[in-house]
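These notes are about the structure you will find just below.
Please treat every number below as a calculation from the coordinates, not as lab data. Nothing here was measured: the structure is a model prediction, and the numbers come from that model. Cβ: placed from backbone, ideal geometry, glycine included. Neighbour counts: every protein chain shown.
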Amino acid sequence: MAVAEKNNLSESTSSETNAAYKQVSDDLKSLRDDLKALRHDFTSLSESAAGDAKQRLKDGFESAEEQTREAFDSAASELQEIQLQAEKAVKKKPITAVAAALAIGYFIGGVVRR
């Protein structure tokens, strides 16, 4: 009977080993699948975050461009108004305008010499 018990024990151990091997194999497959899904999720999240950051940056540039354009238009408008006022002043008092231009030229010349 000792031989029969050894065979039963051997078969029992062999089937337990096979079952354990299958369990470990299934666990590894499950782990691989989970890692693959995690990698896919991480890639999607990274792409989404990069896309969001790119869009925010683009929106910021567009906003800055619009503000710059508005400031430029405002400055150009003010310069045109100043030019019109200067032209009216020169037409109204040409001698005073020439005297002012000479005085400004003299002042700038003195500053440049130093």
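What to note about this one:
- Residue in the stretch 105-113 that is in contact with a helix residue (DSSP H, G or I) (Cβ under 7 Å, 6 or more places away or on another chain), part of a helix (DSSP H, G or I) and surrounded by 10 or more Cβ atoms within 10 Å (Cβ to Cβ) present: no
- Residue within the stretch 79-98 that is loosely packed, with under 10 Cβ neighbours inside 10 Å and outside any helix (DSSP H, G or I) present: no
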